[in-house]
Each structure stands twice: as C-alpha cells, then as structure tokens.
2 protein chains.
Amino acid sequence: MGTVQRVQRVEDFQTHPDRYRHWKLAVDGAIATLTLDIDEENGLRPDDYELKQNSYDLGVDIELCDAVQRLRFEHPEVRSLVFTSGQPKVFCAGANIKMLASSTHGFKVNFCKYTNETRLSLEDASELSGLKSIAALNGTAAGGGYELALACDEIWLIDDGSSVVSLPEVPLLGVLPGTGGLTRLVDKRRVRRDLADLFCTKAEGYRTKESKRYGLIDGALSRSKWDAGIAERAAAVAAGSPARSSQGVELPRVDVEIGDAGSRVYKYVTLEVDTSGRQAKLTVRAPESVPPEGAVALRDAGCEAWVIRAYRELDDALLHLRFNHDTVGLVLLHTRGDAAAVLAHDAALEACGDDWFASEIRYLQARVLRRLDNTAKSLFAIIDEGSCFAGSLFELSVSADRSYMLEDDDGNVRIQVTGASDGRYPMTTGLSRLQCRFLGEPERIDDALAAGEALDSADAFDAGLVTMALDDIDFEDEIRIAVEERVSLSPDALTGMEQNLRFAGSEGCDSKIFGRLSAWQNWIFQRPNAVGDEGALTLYGHPTRPRFDWRRT
Amino acid sequence: MGTVQRVQRVEDFQTHPDRYRHWKLAVDGAIATLTLDIDEENGLRPDDYELKQNSYDLGVDIELCDAVQRLRFEHPEVRSLVFTSGQPKVFCAGANIKMLASSTHGFKVNFCKYTNETRLSLEDASELSGLKSIAALNGTAAGGGYELALACDEIWLIDDGSSVVSLPEVPLLGVLPGTGGLTRLVDKRRVRRDLADLFCTKAEGYRTKESKRYGLIDGALSRSKWDAGIAERAAAVAAGSPARSSQGVELPRVDVEIGDAGSRVYKYVTLEVDTSGRQAKLTVRAPESVPPEGAVALRDAGCEAWVIRAYRELDDALLHLRFNHDTVGLVLLHTRGDAAAVLAHDAALEACGDDWFASEIRYLQARVLRRLDNTAKSLFAIIDEGSCFAGSLFELSVSADRSYMLEDDDGNVRIQVTGASDGRYPMTTGLSRLQCRFLGEPERIDDALAAGEALDSADAFDAGLVTMALDDIDFEDEIRIAVEERVSLSPDALTGMEQNLRFAGSEGCDSKIFGRLSAWQNWIFQRPNAVGDEGALTLYGHPTRPRFDWRRT
C-alpha cells in the first residue's frame, strides 16, 4: 500500500501575474483582490496528483508569494487585499494530500517552511507596509486554506448554511495544521486553548455561528449581503491604512545564468555547488557604480539598484539551494568587492528615510536574511582577501553559524558594522542578529555599533564579531578541516543543533511557528502513524482505514 | 546490525539515600555533597548495558531527583549543593548510549523529559529555595554530564591537563544534547552562538582554558588547589544564600496499593487504567480533616498534610502513567470530596506566608502541575457531582485540554477560583494557567479571581472557565462520544497538537527546552541517521562507521 515518493526539481521560483495558473490578481484603486481558482491539472507534478477542491501545492504558493511581493512594490496604492475563491462552495481545501503523501520527507518540510514564510510575509506586509488583508471566505476554508485566512488581518465567512472553517489535519490525516495554524490560533487570534482543542479535532469544522463565538472568524455575511459587505470592509480597511504612493516600481524577473551542477550566476550573486563535496559557495558582490541618491533616483533605478537586486538574487539562490540541492549540507558565504561601495549604497538607501520604496527594500532585505537564518544548511562566512562584509553585508556573517576571518599582513581584510545591524533586520524572534549574538554581553552591541570604522581581524576578533581570526599560514587549512568535518556529520543532528543555537532569546508567535510547531510537525511527518504504509496521511482517500501504533510519546 | 529495543516497566520512582546505588549524599551543615559513583552493573536493564564511565540511565536520575527534593524538605539548612564524582578522571559521561540505543522511541523521549524535569528542579531549587548548586567537575563531564553542570549555578573544572567539558552528541552520536544543553548554552549561560557551534561539534571538548574563555565554565582549579578551592566556593555560596531553617521535614515513602491492570490507589489519589479503552481515570480527593493551622502545626503534620501528600501522590501517578502505560492516550481528571475542605487546606497553607516549609509545598505543587502540563496524554477534566475543582484543584481543570461540567438541577456542581490561580503555580512559560487561557481576554482573569464564590456550571461557562456545560441528559453521552473520538485519533498528532495549544504566550529558556529542543530531538530520535541499522546512535561503540542519508532537511 506504500506510496512512491518522488523528488522533483523546482525549476523556477519566479513568476508573474500574466503567467499565474491558480490565482487571479485584480487591482482596483486601493483595493486588490486575489481570487483562488486552482487549475487542477497543472500542479507541479501533474502525474502524481490533481489539485482538486482548490487545494494547493508549492506552485500555488509561489504565485501567492509573488503576488504579495508584487503588490508591495508595484502597487503601493493598494491598502487592502481581499482573498477569495473563484470556485463554488470552497475557498480552499488546504495543501493537497496526495501531493504530501507522494513527497519525500525533505520536500514536505521545505514546502511547509516556504508556505510559512509566505504567510509571514503577508503579516509583514500588514505590519510594515500597511497592506491589510481580508480573508473573504465565500466557501469552506479547510486546513491550509484556513491557515491562509489566519495570516490575514480579518476573516469573514459566508453564512450559507454549509460553508465552514476547519483544521481537519489531526483527525483526518494524523498530522498537524503546520502552516502556522496551531500557533496563530492561540498566539495571534488568542483563541482559548480548550476551544482551539475542540476546533482542531473537529474534522467537519464550524459554521459561522460557532466560528464567530470561538473567535475563529471576525464576522459572517449572508450570501445576499456578501459582495457588498466584503466591498464595504475592504473599503473601510483601505481607508484606515494611510496612503503611500500612487506609483509603483516594477519587479522584473531576476536574471540568472545557469552553469554546471546547478550553479547559478546572477549579477551580484553567484551560487556554486560542489555536489560531491556536499557544499556550496554563495558569493554576494558589492555594487560597482555610485548609488542612486535620493528617493526619486532610487525609484528611477528601481530593481536595478544594488540594494534590492542583490537581495532578490540571494533570495532566489537560497530557494534553489533548499529545494534543488538537498545533499548540500554546508554553505560558504563569501562577499567580493569594495566595502565602501556597499556602505555608500546602504547610506543612500538610509538617506531616503521613510520613503515607501526605500522602506520596502529594507523590509525585503530583512525577509531574505530571515530566509537565510531559517535555511537548514550549515553556514560558514569566509572573510578573506577581497571580501566586503560591511554594513548590510555584515549581517551575512552574523547569520552564519561561524565566521572565519583572514589576518593579513596589510590589514586589508576588514569588516564594518554600521547602523544596518542596529535592529534594521530583525530575526523571527524580533531580536537583531547582534542582540542574539551578544545576549550575554549587551554592551558589546553598543561597542560594535559605535566603532564607526572598519575593523581588521584582530580588532574584529577582540570585539567578538568573528569566530576565528587566522593568519594566512593557517587560514586555508583550518577552513578545509572545518569544512571536511562539518560535511561528515549527521545532517539531521546539524539541523537540530542549528535550530537551537541560532535563535537565542525569548520566542514569540513567528519564531514559535518554526521552532515549536514545525519541529513537532517534522517529527510527525517522520512517524509511521502518518507516513507508514498504514499511516493516516498515506491512506487518506483510500477506502482502508489507517492503523495506528497506539503508544503515546 | 539492528539493536533489539526493549520496553521495561519502571517499577518504582521512589527511593531513599539509604538505597541509592549511584549517588552518595553527604550533608555537612549548610553544605551538601552529591557524589556520583555509578554502579556499572546495576542499571535498570543490566542485561542490556553497563553504566561505564559514570554514565547514567533513568535509575540514576530517579536518585538525583530524590536527592534534590529531599534536600529541599529534609535539609533546609543546606544552602549549597556540590556535585562531584567518586570515580577517577571522569565526572560523568552522560546518558548511557547502549541504554539509549536499546530503548524504544517512546522510552527515549520519556527518559529525556524526566531528566529535563530533574534539571529544571535543580534550577527551581536555586531560584526559589536558595539551594545553590556547584558543579565541581573533578574529571571530564561529557554530554548529559555537562548538561547536569549547566543546570547548576556555578561550574568548576579541574585543571589537570586532561579533563574536559564536552557535548559530543552531534559529532559522535548524530543526536542532540537534548537535556537542555543547547538551550542552556545560549539562553542561560548566553554563550555566543558561534562559539556554542564550535563547542557542540568538537567531540573531544575543551579543557579549562578554552572552556573559561568561551564561558562554558566559571572557573578552574589545579588538582592541588581543588579540594580547598571547591570547599571555599561552597562555603561562600552557602554564606550568600539566606538561612531558612535548621530543622527539616521528613519525606516518607508515598504509600500505594496496586490493583488490577496497574491501577494505583493512594490515600488522596487513585489511578485507574482501562488498557483496552486506552484511557485512564485519575482522581484526586479532598482532605477529610481540618487543616493544620500555622507553620508549626503544618511542619508537625509534615508530609501527611493534604497539601503535600495529595500532590506527591499525583506526581507518582503521573510518572507511572507516562512510563508504564504508553498506550493510554487520554486521562480523565476527576476530583472527589468537599470543596470547602480543599479551600480550608489551601488557606491554611497560604496563611503560613513565606514559612520555608509552606513555601516548599507550594513549589512542589507547582512542579507537579507542570509535570501534568508536560504529560503527552490528552487531559479532560470531568466536573461532575461530588467533584471539588476548587482552589488549588481548580488548576487541574485548567491544565486540561478540555473540561466538561455538569449542569445539575440543584446547582451543587461548582468550581471555585481563588488566589491559588493567581500566579502561584506558573507554567514553564512563566504564565499562570489563567493567563495562558485568557491571553486574548486578560480582563477575564481579574473577573475570575474577583468572583470570590463558587460558580455553578452556567456561570462557570459564561466566565470562560470551563469548555462545556451540559445538562444531565447530555453529560454522560457527550463525554462518552468525546472520549471515543479522542482515543481514535493518531497519538502522534495529538501530542504535537497539545504541545502547540497548551503553551500559548512567549517562551523562555524553560519552555524552549521542551518546545524547541525536545521537539527537534524527538525528530532526530526517529530518523534513520540516528536510529536506523546504520545510524550513528545504533552503531556507537561498534567498529562499523555510520552511514548517513545526506539529504539535509
């Protein structure tokens, strides 16, 4: 009864509304509508599953991620985003079960991580960009469908006597609502834990009355009042969120040249994969031209500006690393170029103040850095001759599990900490990377920020900003040995270790989604009760009932 | 190459220093010393493993738990507790690997949970009882041995040229330092995350110099200065912790009658197990006599006092439930007796103010309730005729995943919230159970605490204090259906769900140990790279090297 699990490369994480298969994006003044109308036969692995009941796979979420990102940049006039369904009776049935059952463990985990990041980007857009979202559930929202709604600012459910919200994962599939569902229920919507327990074990879900009473939705509307009611909410929400700009900036496709073994060469980023060595080299290059000065010039430069282009390239490279290079266990982070140019571009961005586009760029940089933090690969920053870990790029070195810095005779190799490290790029815990690093020595944060100049390796080491400072006799050898050792260790143990060492400090809703919810989900995704031949996930949709090993752990 | 995994009942969680096989407890005025000298051949499963190198199994930790508890109650004069080893060159090599490799997944998880609770009880003793602990590492402390040290207030390592501290789990065993190690490194000792990364991948560990530099220890002493130096620290620590009392209260054995199917009848607690129904009934009874009034009378009553006896019995019952009834998925929490008596005993305890013994009783109650929160079984509180969910026993009902309350005609069935629910029994998150329950409606906490009287089911339901209020026509049926449904669901999914719904609110070091660290460890304990035939844990000690599936997840 086993299901064959297939790995499929994900060819492309970029898309455009013109090419969406599953979502329709409509913009009307300050209000945008994303209508989910999934093309059943055009999932990423059409031979393995059909996307029935408006259920989704990674391809659907790639479009969603693109749409949210695009609205923030291309349509800053949009203040209110309405999610709704183009299919009768069903808003969204959640992640496709046959897709999950026929995916490898690694793909399942990466898929959930990506969908979690997308949902968080929706909340990020609300909090930082004032792009408020409304889940207009004109049909049943089950599982991941309701989890998408939970990531919105408001949830409305049609009162048609049959539509429900539900999280049927536990009772029907033997897994968790793992796309933030459990966490958002009790930590975001603050649904009482016993009511959440009732809800999460009620496969058939709740209609409007109980959903409203339990705080699962914000309101209900009858079919006759639905369109007008949602339009009214969308207008009110839009009116309540201050206007930003009427003119957006286009997000063009990120160009890349693809080389041997899946290496990817972008303008400012290069990803080189050493498959047999189970490692990759990820290089970010400094800009080579002067920065656009001022908000107008920055908008004119658009996505060609280094401050956004480099990070979009890095983001794309990280996704390919995660999904298409699963045996790569270690990423060596390099930078190349003129640190002064990095600082100049950082400074020009900062000088734009709270200009909407400049702000969006910073938020995007922050999301990309969080994607790096949450990548299940070891990260070593290599601070060598020609590197430029300065300003925003210094954050790469403090995202890393370790950093190795060359102690050169001339003192050319330097790092530089700037205000970019002063909370501009918060981690999922809400802390800056320096706060996380110096949890026990907070005075070092101020020292580092106050330094005001580039530090050579001796000073950087003394300031606690790098893991190791090594002279040129030892540098290559030490790194070689460290790399060999790292890639020899159990990949699972490393993932668990890094997940525990990277996120020091107290945790809130966002970090609990990855640290608590996802960890438990990963455990369950490994258990025979879910994925064994007689497991609930494997047998979903078959006439056979699952058989459980009843031992509670 | 597979290892046979055996389940062994744990016959007894109670012990006494006279019967310790592995620890020697010596008390000298304000200073106690616990010397670890493990009896290799007397592990809990001597046919499966020998406890070489001062490595431990559950039996060793049961003694440790007993010792810490006993010091708090029987030796309130002790202000400083020194941990040291009775074997040359090794303080403690951590959890025994052959024991782990030959244990079922469920036992491994329960074992780690218990050791985590014991370590936390040591920190609890330091914070609340002023019983400060010093890890005097007179030999190498590896893995769980160093994790025990991390739970102490101070760590000293002998400078003999060979002794080290180490966490070799990741490099040698392909698992995590899961007894709080990773979390305490970065969140308690606030070791910089990159240094923690170096340390946790360095199988051979660090000697004094690097350990001191990285903050892994507080100090080092040469062999010639060791005894005097540790004695001096112990005396200084003891002198710095205010005296409590010179006269302790004995902790006698908790009596129990064992019945059919493992049922356990204590004086105030009964555990009835329905193995085929995969459920248990846990009943706590109210006291039947008047409470001891005042601190002196309370000490005279000692562990016979209901306020401590009932909770010690509950603790013992929970441990038996966890280890010896693994297929029980649901626990029905009942209370029986006179609510007024519960309140009178609670009030008499409270009236003792900060008397040391009264305080110790409250801390113990709090630990038992946290043990309940952390038990991987569903909990339903049944508030029926004859029940007494009042005062401290009300906490049982808000520990539960759900509570069902009978709406009787006479209004005899009542609950009562008192100051006992006002932060006296914090969860691992630091929140009270009412704070956790009403995260979104904090005004309800004040309302509940201000009520000042017993509430019938209608009022309790309106106040949000129970999940369901049901009249006597529906009560039995609803519960029967809910029970049948609960025990039919995937036990893994339920564990994951409950771990996510029970701990709303932000997380700190204690809750991260269970929610983040343990969750990742449980995942790894399930992975072939650790426990498969060629996994690192399975093959530890064999000449064969492990073979890893290199896919990073």
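Would you point out which residue out of B:ASP338, B:ASP355 is touching a residue at least 40 places away in the same chain (Cβ under 8 Å) and either among the hydroxyl-bearing types (Ser, Thr, Tyr) or touching a Pro at 6+ places or on another chain (Cβ under 9 Å) (or both)?
B:ASP338
Can you tell which of B:SER211, B:SER245 is over 27 Å from the mean Cα position of the chain (by Cα) and more than 30 Å from B:ARG9 (Cβ to Cβ)?
B:SER211
Scan segment A:57-81 for residues that are under 21 Å from the mean Cα position of the chain (by Cα) and part of a strand (DSSP E or B) and jot them down.
A:LEU81
Would you mind stating whether A:LEU298 is part of a helix (DSSP H, G or I) and under 26 Å from A:ALA348 (Cα atoms)?
Yes.
Which of the following residues is surrounded by fewer than 18 Cβ atoms within 10 Å (Cβ to Cβ) and of a type outside the set (Gly, Ala, Ser): A:ASP346, A:ASP316, A:ASP326, A:ASP300?
A:ASP300
Determine the pairs where a residue that is closer than 22 Å to B:ARG424 by Cα, located within segment B:393-409, has a partner that is of a type in the set (Lys, Arg) and not in a helix (DSSP H, G or I) with Cβ atoms under 8 Å apart, the partner being 6 or more residues away or on another chain.
Pairs that qualify, where the first residue is closer than 22 Å to B:ARG424 by Cα and the partner is of a type in the set (Lys, Arg) and not in a helix (DSSP H, G or I), are B:ASP401/B:ARG502.
Please go through segment B:17-59 and give me each residue that is in contact with an Asp or Glu (Cβ under 7 Å, 6 or more places away or on another chain) and more than 21 Å from B:GLU232 (Cβ to Cβ), ordered by number.
Result: B:TYR20, B:ARG21, B:HIS22, B:TRP23, B:LYS24, B:GLU40, B:GLU41, B:GLY43, B:LEU44, B:GLU50, B:LEU51, B:LYS52.
Does B:ALA136 satisfy being closer than 30 Å to A:LEU434 by Cα, away from every other protein chain (no Cβ under 14 Å) and of a type in the set (Gly, Ala, Ser)?
The answer is no for B:ALA136.
List every residue pair whose Cβ atoms lie under 8 Å apart, where the two residues are 6 or more positions apart in sequence or sit on different chains, the first residue falls within segment A:264-278 and is under 9 Å from A:GLU313 (Cβ atoms), and the second residue, located anywhere, is of a type in the set (Phe, Trp, Tyr) and not in a strand (DSSP E or B).
The qualifying pairs are A:TYR268/A:TRP306.
Given the options B:ASP474, B:ASP492, B:ASP459, name the one that is buried (at least 18 other Cβ atoms within 10 Å of the Cβ) and either farther than 23 Å from B:THR418 by Cβ or among the charged types (D, E, K, R) (or both).
B:ASP492
Please go through segment A:26-50 and give me each residue that is β-branched (Val, Ile, Thr) and either open to solvent by 40 Å² or more (accessible area, probe 1.4 Å) or not in a loop (DSSP other than H, G, I, E, B) (or both), ordered by number.
Listed by number, the residues that qualify are A:VAL27, A:ILE31, A:THR33, A:THR35.
Do we find that A:ILE415 is buried (at least 22 other Cβ atoms within 10 Å of the Cβ) and in contact with a His (Cβ under 6 Å, 6 or more places away or on another chain) in this structure?
Against the criterion (buried (at least 22 other Cβ atoms within 10 Å of the Cβ) and in contact with a His (Cβ under 6 Å, 6 or more places away or on another chain)), A:ILE415 does not qualify.
Of the numbered conditions (1) modelled with pLDDT of 95 or more; (2) over 26 Å from B:THR553 (Cα atoms); (3) facing chain B (nearest Cβ under 8 Å); (4) open to solvent by 10 Å² or more (accessible area, probe 1.4 Å), A:PHE438 fails exactly one; give the number of that condition.
(4)
Can you confirm whether A:ARG547 is under 21 Å from A:VAL170 (Cα atoms), surrounded by fewer than 20 Cβ atoms within 10 Å (Cβ to Cβ) and within 8 Å of chain B (Cβ to nearest Cβ)?
no
Of the residues that sit in segment A:158-204 and are small (Gly, Ala, Ser) and open to solvent by less than 10 Å² (accessible area, probe 1.4 Å), which one is nearest to the other protein chains (Cβ to nearest Cβ)?
A:GLY174
Only residues that are within 15 Å of A:LEU332 (Cα to Cα), open to solvent by less than 30 Å² (accessible area, probe 1.4 Å) and either hydroxyl-bearing (Ser, Thr, Tyr) or touching a Phe, Trp or Tyr at 6+ places or on another chain (Cβ under 6 Å) (or both): list them for segment A:251-283, please.
Within segment A:251-283, A:SER263, A:THR270, A:THR283 meet the criteria.
Give segment B:237-265 a look and list any residue that's in a helix (DSSP H, G or I) and at pLDDT 95 or above, or say none.
B:VAL237, B:ALA238, B:ALA239, B:GLY240, listed by residue number.
Suppose we keep only residues that are within 7 Å of another protein chain (Cβ to nearest Cβ) and of a type in the set (Ser, Thr, Tyr) within segment B:488-537. Which one would you say is nearest to A:THR553 (Cα to Cα)?
Filtering segment B:488-537 for residues that are within 7 Å of another protein chain (Cβ to nearest Cβ) and of a type in the set (Ser, Thr, Tyr), the one nearest to A:THR553 (Cα to Cα) comes out as B:THR495.
Go through (1) under 27 Å from A:THR208 (Cα atoms); (2) assigned to a helix (DSSP H, G or I) and name the single condition A:PHE111 misses.
Here A:PHE111 clears every test but (1).
Could we say that B:PHE107 is among the hydrophobic types (A, V, I, L, M, F, W, C) and open to solvent by 20 Å² or more (accessible area, probe 1.4 Å) here?
Spelling it out, B:PHE107 is indeed among the hydrophobic types (A, V, I, L, M, F, W, C) and open to solvent by 20 Å² or more (accessible area, probe 1.4 Å).
For segment B:441-456, give me each residue that is within 13 Å of chain A (Cβ to nearest Cβ) and open to solvent by less than 40 Å² (accessible area, probe 1.4 Å).
B:ILE445, B:ALA448
If only one of B:GLU50, B:GLU74, B:GLU40 is in contact (Cβ under 8 Å) with a residue 60 or more places away in the chain and out of contact with any Phe, Trp or Tyr (no Cβ under 6 Å at 6 or more places or on another chain), which one is it?
B:GLU74
What is the residue count in segment A:463-472 for residues that are within 34 Å of the chain's Cα centre (by Cα) and on the phi < 0 side of the Ramachandran plot?
Here the count works out to 6.
From the list A:ALA234, A:ALA203, exactly one residue is assigned to a helix (DSSP H, G or I) and farther than 16 Å from B:MET468 by Cα. Which is it?
Sole residue among the options that is assigned to a helix (DSSP H, G or I) and farther than 16 Å from B:MET468 by Cα: A:ALA234.
The values are calculated or read from the model by the stated rules, or taken from the named source; none is laboratory data. All figures in this text were calculated on a predicted structure; none of them were measured in a lab. Don't worry about glycine lacking a Cβ; one is built from the backbone with ideal geometry, like all the others, and counts go over all protein chains shown. These area figures cover heavy atoms from the full protein model, side chains too; ligands, DNA and RNA do not enter into them. Shrake-Rupley method; radii C 1.70, N 1.55, O 1.52, S 1.80 Å.
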